[in-house]
Amino acid sequence: MNSVKIGWAGLGNMGTPMVKNLLNAGFSVEVFNRSRDKEHEAIEAGAQSAADLRVLAEDNDIIFVMVSDDAAVKDIFNSDTGLLSGEVSGKLFINVSTVSPDTSKLLDEWCCNKGAAFLEAPVSGSVKPAQDATLIFMIGGDAADFERAKPVLERLGKLHVHVGAAGTGSAAKLAINYLLGLNLQGLAETVLFANANGVKTEDMLTIVNEGAIGNGITKLKSASILSNNFPAAFALKHLAKDVRLATEQGMNTPLSKPLYESFTQARDSGLGDEDVMAIIKYLQR
Ligand code: NAP
């Protein structure tokens, strides 16, 4: 058993497989999820359940947060009933959710005011890389805190890039997800254009994936396009959020506005809880 005690808040699509990897690596992990029934899978795998967020923080050395968005992260960290409500001096908090650089800087300040350390460590990669511990982490924060977290982070991902101070990791994450959005939108438009001109979906995907233009994401999402079935690995609403955060952060390029509108309208049309590749269903309409 590894002696570092881990706390984990947020057991959605990403949090649960990441916790299971830490348990498999021999860490003691205590968990908390707002909807307590979603803790079941982690508990079955050997995690303990914390009574509340204050206890989760006080019981453990390193506390991870993996929840939806900026508002959720602020709810979790708050100093009234959240992680920072008790005695947390010397603890290390790591936010792995995707949030704005400004929110990361605020969390850093909140933790610092309580005598605790903070790292942002958003991830690139979806549920399969989370299960396989092949995520890519973009780290923002002090180098010494990164060194402290490394033995744990190494059990969750294949690459850990220390980008700079708090805020820079989130900026890197928004940048990579902008490129993800462009890829998904481009693949959907390509397939629909081909279809409209008499080319079968299967043939078009083969042409894309066997050539230089095919990439990890076009290959990964081809099966869902072919089956027209989009269970969420990465919910479309989360990418809509990420593209919004990028535009709020100053992204103002020829493709950023239409990309933002496309994913926002797709989410608002009822596709938010389906996978990001469901953008093709929205464009089809
Ligand atoms: P998810 O499956 O939708 O889970 C969201 C989690 O956030 C749930 O545990 C949910 O709790 C919790 N939550 C939401 N609002 C909350 C609040 N106000 N207070 C407390 N908890 C709250 O999301 P996910 O796919 O795991 O993604 C989590 C984060 O990782 C997001 O920031 C996403 O952008 C990022 N990300 C996701 C992927 C991916 O492929 N899925 C990849 C890279 C990064 P309940 O169960 O109570 O609703």
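Against the list (1) under 17 Å from LEU236 (Cβ atoms); (2) open to solvent by less than 30 Å² (accessible area, probe 1.4 Å); (3) touching a Phe, Trp or Tyr at 6+ places or on another chain (Cβ under 9 Å); (4) not acidic (Asp, Glu), the condition LEU187 fails is (3). Taking the criterion of being free of Cβ contacts under 8 Å to residues at least 60 places away in the same chain and away from the ligand (no atom under 16 Å from the Cβ), the only residue of region 170-186 that qualifies is GLY186.
Applying the selection to region 194-227, what residues are away from the ligand (no atom under 16 Å from the Cβ), surrounded by fewer than 18 Cβ atoms within 10 Å (Cβ to Cβ) and touching a residue at least 12 places away in the same chain (Cβ under 8 Å)? THR201, GLU202, ASN209, ASN215, LEU226 - these are the residues of region 194-227 that are away from the ligand (no atom under 16 Å from the Cβ), surrounded by fewer than 18 Cβ atoms within 10 Å (Cβ to Cβ) and touching a residue at least 12 places away in the same chain (Cβ under 8 Å). Every test in (1) among the small types (Gly, Ala, Ser); (2) within 17 Å of MET18 (Cβ to Cβ); (3) touching a Leu at 6+ places or on another chain (Cβ under 7 Å) is passed by GLY82 save one, and that test is (2). Looking at PHE146, PHE137, just one residue is among the aromatic types (Phe, Trp, Tyr), closer than 22 Å to ASN13 by Cβ and at pLDDT 95 or above, and that residue is PHE137. Within region 138-160, being exposed (fewer than 15 other Cβ atoms within 10 Å of the Cβ) and aliphatic (A, V, I, L, M) holds for ALA143, ALA144, LEU159.
The values are calculated or read from the model by the stated rules, or taken from the named source; none is laboratory data. Please read these numbers as outputs of a predicted model, since none were measured by experiment. Note that each Cβ is placed from the backbone with ideal geometry, even for glycine, and that neighbours are counted across all protein chains shown. Note: areas computed on protein heavy atoms with side chains; ligands, DNA, RNA excluded. Shrake-Rupley method; radii C 1.70, N 1.55, O 1.52, S 1.80 Å.
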